[in-house]
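We did not get these values from a lab; they are worked out from the coordinates using the rules stated. These numbers come from a predicted model, not from an experiment. Please note: Cβ atoms are built from the backbone with ideal geometry, for glycine as well, and neighbour counts cover all protein chains shown.
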There are 2 protein chains.
Amino acid sequence: MKSVRRVLLALAVICIPSMASASGGHGPSPEIWLGLAAILIAAKLGAELAIRLKQPPVLGELCAGIVLGNLTLFGVDVFYELAHKSTIEFLAEFGVVLLLFEVGLESTVTEMKKVAPQSGMVAILGVVVPMGLGYAASYVLIPGAPQALHLFVGATLCATSVGITARVLKDLNAMDKTETKVILGAAVIDDVLGLIVLAVVSAIAMQGSMPDAVGMAKIIGLAFGFLAGALVLGMFVMPGFFKASAKLRAPGVLAALSIGLCLALAGLSALAGLAAIVGAFAAGLVLDEVHVQPFGKKSSHDLSEIVGPIVAVVAPIFFVRTGMMVELGGITSNALMLAGALSVVAVVGKLVAGWGVRGAGVDKLTIGIGMVPRGEVGLIFANVGAAIKVNGVPLIEPGVYMAIVLMVMVTTIVTPPWLAARINKVSRQAAGAKPTANSEAPPSIQPQA
Amino acid sequence: MKSVRRVLLALAVICIPSMASASGGHGPSPEIWLGLAAILIAAKLGAELAIRLKQPPVLGELCAGIVLGNLTLFGVDVFYELAHKSTIEFLAEFGVVLLLFEVGLESTVTEMKKVAPQSGMVAILGVVVPMGLGYAASYVLIPGAPQALHLFVGATLCATSVGITARVLKDLNAMDKTETKVILGAAVIDDVLGLIVLAVVSAIAMQGSMPDAVGMAKIIGLAFGFLAGALVLGMFVMPGFFKASAKLRAPGVLAALSIGLCLALAGLSALAGLAAIVGAFAAGLVLDEVHVQPFGKKSSHDLSEIVGPIVAVVAPIFFVRTGMMVELGGITSNALMLAGALSVVAVVGKLVAGWGVRGAGVDKLTIGIGMVPRGEVGLIFANVGAAIKVNGVPLIEPGVYMAIVLMVMVTTIVTPPWLAARINKVSRQAAGAKPTANSEAPPSIQPQA
C-alpha cells in the first residue's frame, strides 16, 4: 500500500500544476507536455486496475479517459479542453494509425487465404448481420437522422476485436482448438471487411446524400481497389524496396522506413477519400516476414518489436482521448436506450454469425461468443464518424458517440467470463465427465508481459 | 544500381501525390501523413548518403531538409509549407524532447561526479570561451541587435555534441585513452552547463530587456534550482515510483511511464520558464540503472532500447525540419560572413578549452579538436531562439538561423578527419616510430547498427 501511495503522490505532483493555467513562453505550451504526461500515466494506471479486475487493459484506458474528461463536472476543465486541442487530436490519430499498422503486421495475406474456407462465412455473416441490426436499431431509435448516420452506427458493429478474445483463449489453453482458429481467422477477415464497410460508409457520409447505384458502385470499387492496389503494390514493390534498404546502414532505418511506408499508405488512402487507418492496415499487411527477411537477423517478429514500444506510447493517447470525449453530463434516456439496444444487437449479431461455420464437431455458440467484443475497432469507427461534419455538425453527435462507447464496453466486458464458461462446459460435455472443482473456477486473465 | 533506382521509384510514388493539393475529408489532412512519410524517408536517405561519404548521419538528415525546404526555389512550396505547419512543429519538438531524454539516459550523476576533477575545467572553459567569442562576433557583425540575440548566438556555441566524437574515437580504437575519457566527460558536463546557459539566456530574451543584478540572480537560481530539484526529486521519488511500477502488469508500462515522466519534467521546466528539453534531459539523468533494476531483466540498457526506436522515428523530424527552415533564397553576404565568423570562433573556443585539462601526458590539442562538433545541441538552441518572439519578430531571424546551421555543419564536418589525423600523429610520436602505411589510411566512420 505504501508503494501505491507513492505512485499517487507522484501523480499528484505531476498533475496539479497542469490544472493551474500556465503561461507558455516558446514552443508548445507547458500544458501540452503535462497533459500528455497525465494521459500516459492515467492510461497505465487504468490499464493496471483493469488487469487486477480481470478485464482487458484497453477498458481501463477508456475508463481513465472518461474519468479525466468528466472532471469538468467538478469544475476541472483542463482535461476536457486538452481532449479538444488539435495537437492531442493529431497524436491520437497518429496512435491509431500505428495501432492498425501493428494489427496489419500480425496478419498476412497468405494466412487469410488459408483460413478463408472455414471462417469466410462466419466473417461475412459477422459483418452483414450486426450491420443490418445496427442500422435498424438506429433507424428506430434516432428517427429523422440522415441515412448516413444509421449506416455509420451499423458499421461500428461490424468489426471483431481479435486481441481480447485471443488473450482469453490463450489463458484457457484453447489455442489449438478448431473454434479458436475459426474465430481468429474470421476476426482477421472481419478487419478487412469492416475497413471496406467503413470506407464506403464514410465516403457516402461525406457526399452528404445517398449516392445512386452508379455512385455506390464507384465508392465500393474505390475501397476494394485501394486495398487490392496496396496489396499488389506491396507484393511487387516491397521486396525490392526492402532488399534495397537492407543495404542501408543508417541507424534506425528499419523503424523509420516501415513507419514511413505506413504513413505514406495512410496518406494515400486519405487522399482517395478513405480513412487513413485503411492504408495503415494495408501497409502492415504487406510487410510480412518475406519482405523483411533481407535484414538478416531481423524478421517480421523484430519489426513488431520495433513498432511495439512506439504503439505502447501513442495508442493509449487514442483510447484515453476517446474516453475524454464521452460527456457523461449529457446522458439522456434516449442515449441510454440506444446504448442498450446497440449492445443487444451487437451480441445477437455475432452469435448468429457463429452459425456460418463449416464442418462438424465445432461448437457454434463458442465461435459466436468469441466474436462479440468490438474493442478498439468500434471506437475507431465512432471517432471517424465524429470527425465527419455534415453542415457543420458532427455526423455522430455526443449522445450517439456515448452509446457506441458504452456498447463497446459492454461487449468487451461480457466476453471473457462468458467465453470461458462456454468452453469449460463444452469440454466437460465432450469428456462426458462431471464438472471438476478446477474447471468451475473462473478463468483469470493474465496480461502478457 | 537497380535497387537504388527502385528506392527512388518508390519515393516518387510516395512524394508526387503529396505535391498535388489534396482535399481532406476528416481527421488530419492527407498532406500531413504524406509529408511525414516523405520526411522520414528523406531523412534516412540523407543519413545513408552521409554515411557513404564518411559523415555523421545527422548531417545527412539536415541536408535532406535543406533540399526539401528549398524546393520552393523551383516552385515546389509543399515542403516549405509543411515545415511551418503546427503539427510538424509539434512533432519536431516532441522528437527533440525525446532525444534529450535519450541523451540524459546515457549519462548518470555518479559518472559525472567521477570525471569532474579532470574534465571540469575543460568543460567550463568550453562553455565560457565560445560563449564570449560568439557574443563578440554577433555584437560586431549584427550591430544594433538586442543584447539577448548576442547572448543567444553565444549560447549556441556552448554545447559539445558527444555523439559524433564518440563514434570517431570508437572507430580509431581510442576509447581507453585518457583524452577520450576527458572529452566524453567534458561533453556530458557541457550538456548540463549548456542547458543552464540556454535556460538563463531564453529567460532573459523573453523578458524583453536585460534584467538587473537581482533579476539575473533570480533566473540563474531558477535554472540551477530546477535541475537540482529535478535531480533530488529523481533520487528520492524515482526509486519508489519505479519499484511500485515494477509491480504493474499492464503491457508497455515501462515505455509509457518513463516517457510520461520525461514529458512531465519537460512540462514543469516549460512552466518554470525554461526550455522543455532541460526537463527532458533531467528526466533521463535521474532514470539510471539503479531505478530501473526492479524491473528484473530490464536494465537501463533496456530502457534505451525501448526509447531508441521511438527516438529513431521522431528525432529525424526535428533535423529535417531544421534543414527545411534554412532559406537559401535569403542568403546575404552578411549572413555568410556571420556563418564564417561563428565557425572560426566555434573551433577556436573549443581548442582553447583543451588547455584546461589537468594531469601530464595528455594531448591538449586532441581534447580541443574532440570538443569542436556542435551537432544536435547547437541546432536545438537555434530553434529555441527562433521560437522566441520579441515584439512579434523571431529573436533569431532567418539570416542568423542559417548562419548558426552552417556553423554547426562546418564544425561537424571538420572534426572526424582532423581528430583522426591528430590521434594518429600523437601515437606515432609516442611510439617514436616512422608512420606506417596503415596509420596513414583515413579513418572510416562505420555506423552503429
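In sequence order, what are the phi-derived ³J(HN,Hα) couplings for segment B:412-427 according to the Karplus relation 6.51 cos²θ - 1.76 cosθ + 1.60 with θ = phi - 60°, rounded to whole Hz, with x for glycine and proline?
So the J values, rounded to whole Hz, are 6, 6, 6, 5, x, x, 5, 5, 4, 4, 5, 5, 4, 5, 5, 5.
Holding the Cα-Cα limit at 19 Å, pick out from A:113/A:243; B:113/B:350; B:85/B:389; A:114/A:170 the pairs that are longer than that.
Correct reply: A:113/A:243; B:113/B:350; A:114/A:170.
Quick one: go through segment A:369-392 and flag any residue whose amide nitrogen is under 14 Å from the point 7 Å out along the Cα-to-Cβ line of residue A:145.
So the set is A:382-388, A:390.
Is the shape of segment B:99-430 rounded, prolate or oblate, going by the alpha carbon gyration tensor and its root eigenvalues a ≥ b ≥ c, with a/c under 1.5 for rounded and a/b larger than b/c for prolate?
On the way: a/c = 1.66, a/b = 1.17, b/c = 1.41.
Oblate is the answer for segment B:99-430, as a/c is 1.5 or above yet b/c matches or exceeds a/b.
Grab the other residues whose beta carbon is less than 11 angstrom from that of residue B:356, score K and R as +1, D and E as -1, and report the net.
Summing Lys/Arg as +1 and Asp/Glu as -1 gives +3.
Please compute the average number of Cβ atoms from other chains found within 10 Å of each residue's Cβ in peptide B:303-312.
5
Treating only the Cβ atoms of Lys and Arg (+1) and Asp and Glu (-1) as charged, compute the dipole magnitude of segment B:126-203 about its Cα centre; round to the nearest 20 debye.
Values: 4 positive and 5 negative charges, 9 e Å.
Magnitude of the dipole: close to 40 debye.
For residue B:232, go 7 angstrom from Cα along the Cα-to-Cβ vector, then report the distances to that same point in the other copies in nm, smallest first.
Computed spacing set for this position: 6.8 nm.
For residue B:390, which sequence-distant residues (separation of 5 or more, or a different chain) have an amide H within less than 5 Å of its own amide H, given hydrogens modelled in the peptide plane?
Hits under the 5 Å cutoff: B:395.
Hey, what do the phi angles of segment B:32-46 turn into as Karplus ³J(HN,Hα) couplings, whole Hz, using 6.51/-1.76/1.60 and θ = phi - 60°, x for Gly and Pro?
5, 5, 5, x, 4, 4, 4, 4, 5, 5, 4, 4, 6, 5, x
Estimate the FRET efficiency between residue A:178 and residue B:114 by the formula 1/(1 + (r/R0)^6), using the beta-carbon distance for r and 45 Å for R0, to the nearest 0.05.
On the way: r = 62 Å, r/R0 = 1.38.
Efficiency, from the Cβ-Cβ distance: 0.10.
Name the residue from B:313, B:351, B:115 whose Cα lies farthest towards the positive end of the charge dipole of segment B:99-430, charges +1 on Cβ of Lys and Arg and -1 on Cβ of Asp and Glu.
Checked the options; the winner is B:115.
Give me a comma-separated list of calculated 3J(HN,Hα) values for segment A:360-373, in order, Karplus coefficients 6.51, -1.76, 1.60 applied at θ = phi - 60°, integers in Hz, x for any Gly or Pro.
Karplus values, whole Hz, x for Gly and Pro: 8, x, 10, 7, 5, 5, 4, 5, x, 4, x, 9, 5, x.
Tell me the net charge near residue B:377. Cut-off is 9 Å between Cβ atoms, residue B:377 excluded, with +1 for each Lys or Arg and -1 for each Asp or Glu.
Net of charged neighbours comes to -2.
What are the nm distances, shortest first, from residue A:144 to its equivalents in the other copies, labels at 7 Å along Cα→Cβ?
Result for residue A:144, in nm, nearest copy first: 6.7.
Using DSSP to call loops (not H, G, I, E or B), can you name the trypsin sites (Lys or Arg not before Pro) in segment B:170-263 whose Cβ has at most 16 other Cβ atoms within 10 angstrom?
B:247, B:249
Give me the extension gain from residue A:428 to residue A:365: residue separation times 0.36 nm, minus the current Cα-Cα distance, reported in nm with one decimal.
Taking 0.36 nm per residue and subtracting the Cα distance, the gain is 21.2 nm.
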